[in-house]
1. Given a Förster distance of 51 angstrom, what is the FRET efficiency for residue B:194 paired with residue B:330, based on the Cβ-Cβ distance and rounded to 0.05?
2. With +1 on the Cβ of every Lys and Arg and -1 on the Cβ of every Asp and Glu, and nothing else charged, how large is the dipole of region B:223-324 about its Cα centre, in debye rounded to the nearest 20?
3. If R0 is 45 Å, what FRET efficiency do you get for residue B:272 and residue B:41 from their C-beta distance, rounded to 0.05?
4. Let me have the relative contact order for region B:1-90, percent, based on Cα pairs under 8 Å that are six or more residues apart.
5. May I ask you to derive the relative contact order of region B:1-53, considering only C-alpha pairs under 8 Å and at least 6 residues apart, and to give it as an integer percent?
6. Is there a simple number for the mean count of other chain Cβ atoms within 10 Å of the Cβ of residues in B:92-104, and what is it?
7. What is the Cα convex hull volume of the protein assembly as shown when expressed per residue in Å³?
8. Which loop trypsin sites (Lys or Arg not before Pro) in region A:157-195, with loop taken from DSSP, have no more than 16 other Cβ atoms within 10 angstrom of their Cβ?
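The values are calculated or read from the model by the stated rules, or taken from the named source; none is laboratory data. Being a predicted model, the structure only gives us computed values, none of them experimental. Ideal geometry is used to build each Cβ from the backbone, glycine not excepted, and the neighbour counts take in all protein chains shown. With ligands, DNA and RNA removed, areas are computed over all heavy atoms of the protein, side chains included. Shrake-Rupley method; radii C 1.70, N 1.55, O 1.52, S 1.80 Å.
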Amino acid sequence: MDHPKNKKTNETNPKGISRRGFLKGLGVTSIGVAAAPKSELLAKLEKTPSPNGKLLGKDAVIITLEVNGKSLQVEVEPRFTLAEVLRDHLNLTGTKIGCERGACGACTVIMNGVTVNSCMTLAVDAIGQKIETIEGLEKDGHLSKLQESFIEHDGMQCGFCTPGMIMSAKDLLDKNPHPTREEAQEATAGNLCRCGTYPKVFEAIVAAGK
Amino acid sequence: MKKFEYGMAKNLAGAFEFLKESEAKIKAGGIDLLDLMKEGLESPTRLVNIRTVPELSFIKKDEKGNLHIGATTTLAEIAAHSEIQTRYRALAQAAKAVATPQIRNVATVGGNLCQRPRCWYFRSADFNCLRNGGDHCLADEGENKYHAIFGNQDGCVVVHPSGTAVALMALDAKLVIARKKESREIHIADFWVTPEDDVTRENILKHDEILTEIILPATEKSTTSYYFKQKEKQSFDWPIADVAVVLEMNGKKCTASKIVLGSAAPVPWRIEKAEQVLKDKQISVTLARQAAAAAMVDANPLSQNAYKVPVFSAVIYRTICWAAGIDPFAA
Ligand SMILES: Cc1cc2nc3c(=O)[nH]c(=O)nc-3n(C[C@H](O)[C@H](O)[C@H](O)COP(=O)(O)OP(=O)(O)OC[C@H]3O[C@@H](n4cnc5c(N)ncnc54)[C@H](O)[C@@H]3O)c2cc1C
Ligand code: FES
Ligand code: FES
(Lines give C-alpha, C1' and ligand atoms only; values in the text may rest on other atoms or scores of the structure.)
(Ligands and ions follow the chains in the order given, each with its own letter.)
Protein backbone atom coordinates (compact mmCIF):
# COMPACT_ATOMS: atom_id res chain seq x y z
CA MET A 1 0.00 0.00 0.00
CA ASP A 2 1.09 3.53 -0.62
CA HIS A 3 2.54 5.35 2.32
CA PRO A 4 0.00 8.04 3.14
CA LYS A 5 2.72 10.64 2.68
CA ASN A 6 2.96 9.82 -1.00
CA LYS A 7 -0.73 10.12 -1.64
CA LYS A 8 -2.15 13.31 -3.01
CA THR A 9 -5.06 14.53 -0.95
CA ASN A 10 -7.05 15.77 -3.95
CA GLU A 11 -7.07 12.72 -6.17
CA THR A 12 -8.94 13.25 -9.42
CA ASN A 13 -11.20 10.64 -11.03
CA PRO A 14 -11.36 9.84 -14.77
CA LYS A 15 -13.88 12.63 -15.31
CA GLY A 16 -11.36 15.12 -13.99
CA ILE A 17 -13.27 16.31 -10.94
CA SER A 18 -11.84 15.67 -7.53
CA ARG A 19 -14.31 14.37 -5.04
CA ARG A 20 -13.45 17.14 -2.62
CA GLY A 21 -13.77 19.70 -5.38
CA PHE A 22 -17.18 18.33 -6.31
CA LEU A 23 -18.46 18.46 -2.76
CA LYS A 24 -17.15 21.96 -2.32
CA GLY A 25 -18.75 23.09 -5.60
CA LEU A 26 -22.13 21.95 -4.33
CA GLY A 27 -21.92 23.84 -1.10
CA VAL A 28 -20.52 27.11 -2.23
CA THR A 29 -22.12 28.30 -5.42
CA SER A 30 -25.29 29.61 -3.86
CA ILE A 31 -23.62 31.28 -0.90
CA GLY A 32 -20.12 32.29 -1.86
CA VAL A 33 -18.39 35.45 -0.78
CA ALA A 34 -20.68 38.42 -1.21
CA ALA A 35 -20.84 40.13 -4.54
CA ALA A 36 -23.10 43.06 -3.59
CA PRO A 37 -21.54 46.54 -3.44
CA LYS A 38 -19.44 46.56 -0.31
CA SER A 39 -20.17 50.08 0.90
CA GLU A 40 -23.91 49.43 0.87
CA LEU A 41 -23.66 46.33 3.01
CA LEU A 42 -21.15 47.80 5.39
CA ALA A 43 -23.55 50.64 5.98
CA LYS A 44 -26.17 48.09 7.01
CA LEU A 45 -23.77 46.55 9.49
CA GLU A 46 -24.74 48.97 12.20
CA LYS A 47 -28.48 49.07 12.56
CA THR A 48 -28.43 51.94 15.00
CA PRO A 49 -25.12 53.61 15.74
CA SER A 50 -24.45 54.08 19.46
CA PRO A 51 -21.32 55.13 21.34
CA ASN A 52 -22.02 52.22 23.70
CA GLY A 53 -21.78 49.46 21.14
CA LYS A 54 -22.88 48.14 17.77
CA LEU A 55 -26.19 46.53 16.98
CA LEU A 56 -26.23 44.21 13.98
CA GLY A 57 -29.52 43.45 12.26
CA LYS A 58 -30.80 39.91 11.70
CA ASP A 59 -29.70 39.74 8.09
CA ALA A 60 -26.36 39.15 6.47
CA VAL A 61 -23.51 41.61 6.78
CA ILE A 62 -20.03 41.55 5.29
CA ILE A 63 -17.32 40.93 7.80
CA THR A 64 -13.59 40.45 7.53
CA LEU A 65 -12.02 37.43 9.19
CA GLU A 66 -8.30 36.92 9.58
CA VAL A 67 -7.71 33.26 8.85
CA ASN A 68 -4.21 31.78 8.69
CA GLY A 69 -2.76 35.25 8.21
CA LYS A 70 -5.07 36.21 5.34
CA SER A 71 -7.88 38.77 5.49
CA LEU A 72 -11.01 37.23 4.02
CA GLN A 73 -14.30 38.99 3.43
CA VAL A 74 -17.44 36.98 3.84
CA GLU A 75 -21.14 37.62 4.13
CA VAL A 76 -22.63 36.20 7.33
CA GLU A 77 -25.75 36.42 9.45
CA PRO A 78 -25.19 36.87 13.20
CA ARG A 79 -26.49 33.33 13.75
CA PHE A 80 -23.79 31.67 11.60
CA THR A 81 -21.15 29.76 13.52
CA LEU A 82 -17.48 30.10 12.71
CA ALA A 83 -17.37 26.37 11.85
CA GLU A 84 -20.02 26.69 9.16
CA VAL A 85 -18.52 29.89 7.77
CA LEU A 86 -15.06 28.33 7.53
CA ARG A 87 -16.38 25.21 5.84
CA ASP A 88 -19.32 26.33 3.72
CA HIS A 89 -18.38 29.90 2.89
CA LEU A 90 -14.60 30.00 2.91
CA ASN A 91 -13.98 26.47 1.57
CA LEU A 92 -11.77 25.62 4.54
CA THR A 93 -13.20 22.14 5.00
CA GLY A 94 -10.28 20.83 7.05
CA THR A 95 -12.17 21.94 10.15
CA LYS A 96 -14.77 19.23 10.83
CA ILE A 97 -18.22 19.34 12.39
CA GLY A 98 -19.15 16.37 14.56
CA CYS A 99 -21.54 17.01 17.43
CA GLU A 100 -22.15 20.72 16.81
CA ARG A 101 -22.56 21.13 20.59
CA GLY A 102 -19.08 21.73 21.94
CA ALA A 103 -18.60 18.13 23.03
CA CYS A 104 -16.35 16.43 20.46
CA GLY A 105 -13.66 18.94 19.45
CA ALA A 106 -13.69 18.05 15.72
CA CYS A 107 -14.21 21.75 15.01
CA THR A 108 -11.29 22.99 17.14
CA VAL A 109 -9.47 26.06 15.81
CA ILE A 110 -7.08 28.45 17.51
CA MET A 111 -8.46 31.94 18.08
CA ASN A 112 -6.13 34.62 19.42
CA GLY A 113 -3.81 32.02 20.86
CA VAL A 114 -6.35 29.72 22.56
CA THR A 115 -8.28 26.71 21.30
CA VAL A 116 -12.02 27.10 20.81
CA ASN A 117 -14.86 24.96 19.46
CA SER A 118 -15.71 26.82 16.25
CA CYS A 119 -19.18 25.22 16.27
CA MET A 120 -19.97 27.16 19.47
CA THR A 121 -18.38 30.42 18.27
CA LEU A 122 -20.41 32.94 16.30
CA ALA A 123 -18.57 34.12 13.19
CA VAL A 124 -19.31 37.74 14.15
CA ASP A 125 -17.41 37.15 17.42
CA ALA A 126 -14.34 36.20 15.40
CA ILE A 127 -14.08 39.66 13.77
CA GLY A 128 -10.64 41.10 14.55
CA GLN A 129 -9.34 37.81 16.02
CA LYS A 130 -6.45 35.81 14.59
CA ILE A 131 -7.90 32.47 13.52
CA GLU A 132 -5.68 29.46 12.81
CA THR A 133 -7.10 26.36 11.13
CA ILE A 134 -5.53 23.09 10.06
CA GLU A 135 -5.00 24.53 6.56
CA GLY A 136 -2.52 27.02 7.98
CA LEU A 137 -0.04 24.44 9.23
CA GLU A 138 1.48 23.41 5.95
CA LYS A 139 4.13 25.82 4.59
CA ASP A 140 5.13 25.93 0.89
CA GLY A 141 3.77 22.47 0.23
CA HIS A 142 5.47 20.94 3.28
CA LEU A 143 3.52 19.53 6.18
CA SER A 144 4.48 20.81 9.64
CA LYS A 145 6.61 18.69 11.95
CA LEU A 146 3.48 17.95 14.00
CA GLN A 147 1.52 16.71 10.97
CA GLU A 148 4.49 14.57 9.89
CA SER A 149 4.62 13.14 13.38
CA PHE A 150 0.92 12.12 13.20
CA ILE A 151 1.68 10.25 9.96
CA GLU A 152 4.88 8.70 11.33
CA HIS A 153 3.16 7.45 14.50
CA ASP A 154 -0.15 6.39 12.93
CA GLY A 155 -1.98 9.06 14.89
CA MET A 156 -5.21 8.51 12.98
CA GLN A 157 -7.56 5.88 11.66
CA CYS A 158 -10.55 7.41 9.88
CA GLY A 159 -9.02 10.87 10.37
CA PHE A 160 -12.21 12.69 11.28
CA CYS A 161 -10.93 13.89 14.65
CA THR A 162 -7.44 14.61 13.34
CA PRO A 163 -7.66 18.29 12.32
CA GLY A 164 -9.15 19.16 15.72
CA MET A 165 -6.68 16.93 17.54
CA ILE A 166 -3.79 18.59 15.71
CA MET A 167 -5.02 22.10 16.48
CA SER A 168 -5.22 21.25 20.21
CA ALA A 169 -1.74 19.74 19.94
CA LYS A 170 -0.39 22.78 18.06
CA ASP A 171 -1.70 25.10 20.76
CA LEU A 172 0.05 22.95 23.36
CA LEU A 173 3.36 22.90 21.46
CA ASP A 174 3.17 26.67 20.84
CA LYS A 175 3.13 27.15 24.62
CA ASN A 176 5.09 24.13 25.75
CA PRO A 177 7.52 22.88 23.07
CA HIS A 178 8.44 19.66 24.90
CA PRO A 179 5.26 18.27 26.44
CA THR A 180 4.99 15.07 28.43
CA ARG A 181 2.44 12.39 27.63
CA GLU A 182 0.24 13.63 30.50
CA GLU A 183 0.36 17.16 29.13
CA ALA A 184 -0.56 15.88 25.66
CA GLN A 185 -3.47 13.98 27.21
CA GLU A 186 -4.68 17.03 29.08
CA ALA A 187 -4.41 19.30 26.02
CA THR A 188 -6.49 16.94 23.88
CA ALA A 189 -9.04 16.09 26.59
CA GLY A 190 -11.67 17.98 24.57
CA ASN A 191 -11.06 16.00 21.39
CA LEU A 192 -12.97 12.76 21.05
CA CYS A 193 -11.69 10.06 18.70
CA ARG A 194 -14.42 7.60 17.79
CA CYS A 195 -11.76 5.21 16.43
CA GLY A 196 -9.99 5.24 19.80
CA THR A 197 -6.55 6.14 18.44
CA TYR A 198 -5.60 8.00 21.61
CA PRO A 199 -2.31 6.19 22.47
CA LYS A 200 -0.94 6.90 18.98
CA VAL A 201 -2.12 10.50 19.14
CA PHE A 202 -0.28 11.06 22.43
CA GLU A 203 2.83 9.39 21.00
CA ALA A 204 2.72 11.62 17.93
CA ILE A 205 2.40 14.80 19.99
CA VAL A 206 5.20 13.91 22.40
CA ALA A 207 7.46 12.94 19.48
CA ALA A 208 6.71 16.23 17.68
CA GLY A 209 8.00 18.05 20.74
CA LYS A 210 11.31 16.24 20.89
CA MET B 1 -30.88 28.68 15.15
CA LYS B 2 -33.53 31.28 14.33
CA LYS B 3 -32.35 34.68 13.14
CA PHE B 4 -31.48 37.24 15.81
CA GLU B 5 -30.11 40.74 16.10
CA TYR B 6 -26.72 40.99 17.67
CA GLY B 7 -25.74 43.69 20.14
CA MET B 8 -22.02 44.05 20.70
CA ALA B 9 -21.92 46.12 23.86
CA LYS B 10 -18.80 48.23 24.43
CA ASN B 11 -19.70 48.96 28.04
CA LEU B 12 -22.37 48.18 30.65
CA ALA B 13 -24.49 51.13 29.55
CA GLY B 14 -24.53 49.63 26.05
CA ALA B 15 -25.50 46.21 27.39
CA PHE B 16 -28.46 47.67 29.31
CA GLU B 17 -29.46 49.74 26.27
CA PHE B 18 -29.55 46.62 24.07
CA LEU B 19 -31.41 44.66 26.77
CA LYS B 20 -34.41 47.02 26.58
CA GLU B 21 -35.83 44.76 23.88
CA SER B 22 -38.05 42.35 25.82
CA GLU B 23 -36.99 39.19 23.95
CA ALA B 24 -33.26 39.98 24.22
CA LYS B 25 -30.91 37.59 25.99
CA ILE B 26 -27.49 38.11 27.50
CA LYS B 27 -24.71 36.11 25.87
CA ALA B 28 -21.38 35.63 27.61
CA GLY B 29 -19.31 32.68 26.32
CA GLY B 30 -22.45 31.39 24.61
CA ILE B 31 -21.70 27.74 25.37
CA ASP B 32 -24.99 27.13 27.14
CA LEU B 33 -27.13 29.65 25.30
CA LEU B 34 -26.16 28.56 21.77
CA ASP B 35 -26.78 24.94 22.76
CA LEU B 36 -30.33 25.81 23.87
CA MET B 37 -30.88 27.86 20.72
CA LYS B 38 -29.62 25.09 18.44
CA GLU B 39 -32.03 22.70 20.15
CA GLY B 40 -34.86 25.18 19.58
CA LEU B 41 -35.50 25.60 23.30
CA GLU B 42 -34.65 29.30 23.26
CA SER B 43 -35.27 31.69 20.37
CA PRO B 44 -34.32 35.18 21.51
CA THR B 45 -34.88 37.89 18.91
CA ARG B 46 -31.71 39.61 20.04
CA LEU B 47 -28.48 38.53 21.73
CA VAL B 48 -26.50 40.99 23.78
CA ASN B 49 -22.85 40.05 23.84
CA ILE B 50 -21.28 41.08 27.13
CA ARG B 51 -17.90 39.51 26.44
CA THR B 52 -17.08 42.73 24.56
CA VAL B 53 -17.49 44.74 27.79
CA PRO B 54 -13.98 45.23 29.22
CA GLU B 55 -15.27 46.32 32.65
CA LEU B 56 -16.73 42.82 33.24
CA SER B 57 -13.46 40.92 32.84
CA PHE B 58 -10.96 41.25 35.69
CA ILE B 59 -9.54 39.64 38.83
CA LYS B 60 -8.46 42.18 41.46
CA LYS B 61 -8.03 42.53 45.20
CA ASP B 62 -9.45 45.43 47.24
CA GLU B 63 -7.78 47.09 50.22
CA LYS B 64 -9.60 44.77 52.66
CA GLY B 65 -8.17 41.72 50.92
CA ASN B 66 -11.42 40.61 49.23
CA LEU B 67 -10.96 39.22 45.74
CA HIS B 68 -13.25 40.53 42.98
CA ILE B 69 -13.79 38.46 39.86
CA GLY B 70 -15.56 40.01 36.86
CA ALA B 71 -18.48 37.94 35.56
CA THR B 72 -17.01 37.37 32.09
CA THR B 73 -13.66 36.14 33.40
CA THR B 74 -13.18 32.76 31.71
CA LEU B 75 -12.90 29.49 33.59
CA ALA B 76 -9.40 29.04 32.11
CA GLU B 77 -8.33 32.41 33.54
CA ILE B 78 -9.70 31.48 36.98
CA ALA B 79 -8.06 28.05 36.95
CA ALA B 80 -4.67 29.58 36.03
CA HIS B 81 -4.74 32.45 38.54
CA SER B 82 -2.03 31.93 41.15
CA GLU B 83 -3.75 33.71 44.02
CA ILE B 84 -6.99 31.79 43.40
CA GLN B 85 -4.95 28.58 43.31
CA THR B 86 -3.45 29.29 46.72
CA ARG B 87 -6.09 31.24 48.66
CA TYR B 88 -9.24 29.81 47.08
CA ARG B 89 -7.98 26.42 45.92
CA ALA B 90 -11.47 24.88 45.66
CA LEU B 91 -12.49 27.48 43.08
CA ALA B 92 -9.38 26.97 40.92
CA GLN B 93 -9.96 23.20 41.10
CA ALA B 94 -13.65 23.54 40.24
CA ALA B 95 -12.96 25.84 37.27
CA LYS B 96 -10.25 23.48 36.00
CA ALA B 97 -12.59 20.49 36.28
CA VAL B 98 -15.35 21.97 34.11
CA ALA B 99 -15.78 20.50 30.61
CA THR B 100 -12.86 20.66 28.14
CA PRO B 101 -9.91 23.02 27.51
CA GLN B 102 -11.73 24.52 24.52
CA ILE B 103 -14.82 25.27 26.59
CA ARG B 104 -12.90 26.67 29.56
CA ASN B 105 -11.20 29.12 27.17
CA VAL B 106 -14.59 30.60 26.29
CA ALA B 107 -17.06 29.83 29.10
CA THR B 108 -17.33 32.57 31.71
CA VAL B 109 -17.84 32.18 35.42
CA GLY B 110 -21.06 34.23 35.26
CA GLY B 111 -22.40 32.02 32.48
CA ASN B 112 -21.34 28.92 34.37
CA LEU B 113 -23.46 30.01 37.37
CA CYS B 114 -26.44 30.93 35.17
CA GLN B 115 -26.40 27.91 32.81
CA ARG B 116 -29.58 25.84 32.66
CA PRO B 117 -29.84 22.23 33.90
CA ARG B 118 -28.66 19.31 31.80
CA CYS B 119 -31.59 16.93 32.41
CA TRP B 120 -32.15 15.06 29.16
CA TYR B 121 -35.89 15.68 29.17
CA PHE B 122 -35.42 19.40 29.78
CA ARG B 123 -32.75 19.65 27.06
CA SER B 124 -34.79 17.97 24.36
CA ALA B 125 -37.37 19.76 22.24
CA ASP B 126 -39.19 16.39 21.94
CA PHE B 127 -40.32 16.48 25.56
CA ASN B 128 -42.41 19.03 27.35
CA CYS B 129 -41.22 18.69 30.92
CA LEU B 130 -42.40 20.61 33.96
CA ARG B 131 -39.46 23.04 33.80
CA ASN B 132 -40.31 23.77 30.17
CA GLY B 133 -43.95 24.51 30.96
CA GLY B 134 -45.33 20.94 30.84
CA ASP B 135 -47.51 19.48 33.58
CA HIS B 136 -45.16 17.03 35.24
CA CYS B 137 -41.54 16.06 35.71
CA LEU B 138 -40.67 13.27 33.28
CA ALA B 139 -37.49 12.24 35.11
CA ASP B 140 -39.20 11.70 38.45
CA GLU B 141 -40.76 8.46 37.19
CA GLY B 142 -38.57 8.08 34.11
CA GLU B 143 -34.85 7.88 33.39
CA ASN B 144 -33.31 9.50 36.44
CA LYS B 145 -29.85 7.98 36.81
CA TYR B 146 -28.13 11.39 36.94
CA HIS B 147 -30.80 13.23 38.89
CA ALA B 148 -31.23 14.62 42.38
CA ILE B 149 -31.00 12.75 45.67
CA PHE B 150 -31.83 15.83 47.76
CA GLY B 151 -34.50 18.48 47.34
CA ASN B 152 -36.30 16.29 44.84
CA GLN B 153 -39.83 16.30 46.25
CA ASP B 154 -41.12 19.54 44.80
CA GLY B 155 -41.95 18.47 41.27
CA CYS B 156 -38.69 18.65 39.35
CA VAL B 157 -35.70 16.41 40.07
CA VAL B 158 -32.90 18.06 38.03
CA VAL B 159 -29.48 18.63 39.51
CA HIS B 160 -27.84 22.02 39.35
CA PRO B 161 -25.20 21.82 36.62
CA SER B 162 -22.62 24.38 37.73
CA GLY B 163 -19.29 23.16 39.11
CA THR B 164 -18.04 26.62 40.09
CA ALA B 165 -21.26 27.23 42.06
CA VAL B 166 -20.33 24.42 44.45
CA ALA B 167 -16.95 25.96 45.25
CA LEU B 168 -18.28 29.52 45.41
CA MET B 169 -21.00 28.46 47.87
CA ALA B 170 -18.45 26.81 50.15
CA LEU B 171 -16.19 29.88 49.89
CA ASP B 172 -19.05 32.20 51.00
CA ALA B 173 -18.97 34.27 47.81
CA LYS B 174 -21.10 37.35 47.24
CA LEU B 175 -22.59 38.27 43.89
CA VAL B 176 -23.09 41.76 42.51
CA ILE B 177 -26.18 42.19 40.38
CA ALA B 178 -26.68 45.34 38.32
CA ARG B 179 -29.74 46.81 36.66
CA LYS B 180 -29.16 50.01 34.73
CA LYS B 181 -27.49 52.37 37.20
CA GLU B 182 -28.34 50.44 40.37
CA SER B 183 -26.53 47.48 41.79
CA ARG B 184 -26.95 45.21 44.80
CA GLU B 185 -24.83 42.66 46.57
CA ILE B 186 -26.24 39.33 47.70
CA HIS B 187 -24.86 36.17 49.27
CA ILE B 188 -24.60 33.42 46.67
CA ALA B 189 -26.89 31.19 48.78
CA ASP B 190 -29.69 33.68 48.11
CA PHE B 191 -29.18 33.52 44.34
CA TRP B 192 -30.73 30.11 43.68
CA VAL B 193 -34.41 29.33 43.13
CA THR B 194 -35.73 25.89 44.11
CA PRO B 195 -38.46 24.05 42.16
CA GLU B 196 -40.77 24.70 45.09
CA ASP B 197 -40.40 28.46 44.64
CA ASP B 198 -40.47 28.53 40.82
CA VAL B 199 -39.82 25.48 38.70
CA THR B 200 -39.16 27.48 35.52
CA ARG B 201 -36.01 29.22 36.74
CA GLU B 202 -32.81 28.38 38.64
CA ASN B 203 -31.84 31.82 39.90
CA ILE B 204 -33.36 35.17 40.82
CA LEU B 205 -32.00 37.21 37.89
CA LYS B 206 -34.55 39.24 35.97
CA HIS B 207 -34.37 39.64 32.20
CA ASP B 208 -32.62 43.02 32.36
CA GLU B 209 -30.27 42.28 35.26
CA ILE B 210 -26.59 41.49 34.76
CA LEU B 211 -24.43 39.58 37.18
CA THR B 212 -21.37 41.82 37.14
CA GLU B 213 -18.96 40.36 39.68
CA ILE B 214 -18.24 37.76 42.29
CA ILE B 215 -16.63 38.75 45.57
CA LEU B 216 -14.61 36.28 47.60
CA PRO B 217 -14.08 37.27 51.24
CA ALA B 218 -10.50 37.75 52.46
CA THR B 219 -9.25 34.48 53.89
CA GLU B 220 -7.09 33.71 56.89
CA LYS B 221 -3.94 31.66 56.48
CA SER B 222 -5.73 29.02 58.52
CA THR B 223 -8.52 28.58 55.92
CA THR B 224 -8.12 25.66 53.59
CA SER B 225 -10.34 24.36 50.83
CA TYR B 226 -10.68 21.52 48.32
CA TYR B 227 -13.02 20.61 45.47
CA PHE B 228 -13.38 17.17 43.95
CA LYS B 229 -15.47 16.00 41.02
CA GLN B 230 -16.29 12.32 40.53
CA LYS B 231 -16.93 11.42 36.91
CA GLU B 232 -17.85 8.20 35.14
CA LYS B 233 -14.93 8.40 32.75
CA GLN B 234 -11.36 9.60 33.23
CA SER B 235 -11.35 12.23 30.54
CA PHE B 236 -13.80 15.13 30.52
CA ASP B 237 -17.26 14.36 31.78
CA TRP B 238 -20.09 15.86 33.74
CA PRO B 239 -19.88 14.97 37.44
CA ILE B 240 -22.00 12.28 39.03
CA ALA B 241 -21.04 13.79 42.39
CA ASP B 242 -18.96 16.85 43.24
CA VAL B 243 -18.05 18.33 46.59
CA ALA B 244 -16.40 21.48 47.91
CA VAL B 245 -15.08 21.64 51.47
CA VAL B 246 -13.78 24.74 53.27
CA LEU B 247 -12.19 24.31 56.70
CA GLU B 248 -11.25 26.99 59.24
CA MET B 249 -8.44 25.49 61.26
CA ASN B 250 -7.00 26.40 64.65
CA GLY B 251 -3.90 24.30 64.85
CA LYS B 252 -5.17 20.80 64.26
CA LYS B 253 -8.73 21.62 65.27
CA CYS B 254 -11.46 22.52 62.81
CA THR B 255 -13.33 25.53 64.19
CA ALA B 256 -15.81 25.90 61.34
CA SER B 257 -16.50 24.37 57.96
CA LYS B 258 -18.64 24.55 54.85
CA ILE B 259 -19.53 21.42 52.90
CA VAL B 260 -21.43 21.86 49.64
CA LEU B 261 -22.55 19.22 47.14
CA GLY B 262 -23.03 19.57 43.41
CA SER B 263 -24.97 17.20 41.12
CA ALA B 264 -27.03 16.39 44.21
CA ALA B 265 -30.05 18.68 44.14
CA PRO B 266 -31.77 21.29 41.95
CA VAL B 267 -29.60 23.94 43.66
CA PRO B 268 -26.07 23.68 45.12
CA TRP B 269 -26.67 21.79 48.36
CA ARG B 270 -25.08 22.73 51.68
CA ILE B 271 -24.86 19.93 54.26
CA GLU B 272 -24.91 21.50 57.72
CA LYS B 273 -25.31 18.14 59.45
CA ALA B 274 -21.87 17.13 58.19
CA GLU B 275 -20.38 20.49 59.15
CA GLN B 276 -21.63 19.95 62.72
CA VAL B 277 -19.71 16.69 62.98
CA LEU B 278 -16.42 18.46 62.24
CA LYS B 279 -16.95 21.43 64.55
CA ASP B 280 -14.22 21.85 67.17
CA LYS B 281 -12.73 18.46 66.44
CA GLN B 282 -9.43 17.31 65.10
CA ILE B 283 -9.88 16.04 61.53
CA SER B 284 -9.11 12.36 61.05
CA VAL B 285 -10.16 9.77 58.50
CA THR B 286 -12.66 8.38 61.02
CA LEU B 287 -14.17 11.79 61.73
CA ALA B 288 -14.37 12.56 57.99
CA ARG B 289 -16.23 9.28 57.45
CA GLN B 290 -18.67 10.18 60.24
CA ALA B 291 -19.30 13.55 58.62
CA ALA B 292 -19.92 11.87 55.24
CA ALA B 293 -22.41 9.47 56.87
CA ALA B 294 -24.20 12.41 58.49
CA ALA B 295 -24.32 14.14 55.10
CA MET B 296 -26.28 11.26 53.61
CA VAL B 297 -28.86 10.86 56.39
CA ASP B 298 -31.50 12.87 54.53
CA ALA B 299 -30.72 11.51 51.05
CA ASN B 300 -33.81 10.44 49.14
CA PRO B 301 -32.73 8.62 46.01
CA LEU B 302 -35.01 8.09 43.01
CA SER B 303 -35.65 4.78 41.23
CA GLN B 304 -32.30 4.73 39.36
CA ASN B 305 -29.84 6.78 41.37
CA ALA B 306 -29.40 5.08 44.75
CA TYR B 307 -25.79 4.42 43.64
CA LYS B 308 -25.12 8.11 44.19
CA VAL B 309 -25.40 7.77 47.97
CA PRO B 310 -22.27 5.63 48.49
CA VAL B 311 -20.47 7.63 45.78
CA PHE B 312 -21.21 10.87 47.63
CA SER B 313 -20.19 9.30 50.98
CA ALA B 314 -16.81 8.33 49.57
CA VAL B 315 -16.24 11.63 47.80
CA ILE B 316 -17.25 13.73 50.83
CA TYR B 317 -14.97 11.96 53.29
CA ARG B 318 -12.03 12.02 50.87
CA THR B 319 -12.51 15.71 50.08
CA ILE B 320 -12.61 16.59 53.80
CA CYS B 321 -9.31 14.71 54.22
CA TRP B 322 -7.70 16.38 51.22
CA ALA B 323 -8.83 19.82 52.48
CA ALA B 324 -7.23 19.03 55.85
CA GLY B 325 -4.05 17.74 54.19
CA ILE B 326 -4.41 14.17 55.39
CA ASP B 327 -4.33 10.98 53.35
CA PRO B 328 -7.88 9.56 53.07
CA PHE B 329 -6.49 6.12 52.29
CA ALA B 330 -4.22 5.85 55.35
CA ALA B 331 -5.38 2.94 57.47
C1 LIG C 1 -19.15 19.11 26.54
C2 LIG C 1 -19.52 19.99 27.70
C3 LIG C 1 -19.20 19.60 28.99
C4 LIG C 1 -19.51 20.41 30.07
N5 LIG C 1 -19.17 20.02 31.32
C6 LIG C 1 -19.42 20.83 32.37
C7 LIG C 1 -19.04 20.49 33.70
O8 LIG C 1 -18.47 19.42 33.93
N9 LIG C 1 -19.33 21.34 34.71
C10 LIG C 1 -19.95 22.55 34.48
O11 LIG C 1 -20.13 23.32 35.42
N12 LIG C 1 -20.33 22.90 33.25
C13 LIG C 1 -20.08 22.09 32.19
N14 LIG C 1 -20.47 22.47 30.93
C15 LIG C 1 -21.29 23.67 30.77
C16 LIG C 1 -20.48 24.91 30.52
O17 LIG C 1 -19.51 25.03 31.53
C18 LIG C 1 -21.41 26.11 30.55
O19 LIG C 1 -22.28 26.01 29.45
C20 LIG C 1 -20.65 27.43 30.49
O21 LIG C 1 -19.88 27.59 31.65
C22 LIG C 1 -21.60 28.58 30.35
O23 LIG C 1 -20.86 29.77 30.38
P24 LIG C 1 -20.98 30.81 29.17
O25 LIG C 1 -20.17 32.01 29.51
O26 LIG C 1 -20.69 30.17 27.90
O27 LIG C 1 -22.52 31.16 29.31
P28 LIG C 1 -23.61 31.59 28.22
O29 LIG C 1 -24.03 30.43 27.43
O30 LIG C 1 -23.17 32.80 27.50
O31 LIG C 1 -24.78 32.01 29.21
C32 LIG C 1 -25.49 31.06 29.97
C33 LIG C 1 -26.74 31.70 30.55
O34 LIG C 1 -26.40 32.67 31.52
C35 LIG C 1 -26.84 33.96 31.18
N36 LIG C 1 -25.73 34.84 31.53
C37 LIG C 1 -24.42 34.67 31.20
N38 LIG C 1 -23.66 35.60 31.80
C39 LIG C 1 -24.51 36.38 32.51
C40 LIG C 1 -24.31 37.52 33.36
N41 LIG C 1 -23.09 38.04 33.59
N42 LIG C 1 -25.40 38.09 33.93
C43 LIG C 1 -26.63 37.56 33.72
N44 LIG C 1 -26.88 36.48 32.95
C45 LIG C 1 -25.83 35.91 32.35
C46 LIG C 1 -27.16 33.91 29.70
O47 LIG C 1 -28.23 34.77 29.38
C48 LIG C 1 -27.56 32.45 29.52
O49 LIG C 1 -28.92 32.28 29.85
C50 LIG C 1 -20.17 21.66 29.84
C51 LIG C 1 -20.51 22.05 28.55
C52 LIG C 1 -20.20 21.24 27.48
C53 LIG C 1 -20.58 21.69 26.10
S1 FES D 1 -18.42 19.87 16.29
FE2 FES D 1 -17.77 21.40 17.60
S3 FES D 1 -17.30 20.30 19.37
FE4 FES D 1 -18.19 18.76 18.15
S1 FES E 1 -9.23 8.65 13.84
FE2 FES E 1 -11.33 8.25 13.55
S3 FES E 1 -12.21 9.63 14.96
FE4 FES E 1 -10.16 9.75 15.46
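1. 0.85
2. Result for region B:223-324 is approximately 220 debye, rounded to the nearest 20.
3. So, using R0 = 45 Å, E works out to roughly 0.80.
4. 28
5. 55
6. Rounded to a whole number, the mean comes out at 5.
7. Spread over its residues, the Cα hull of the protein assembly as shown gives 179 Å³ apiece.
8. A:194
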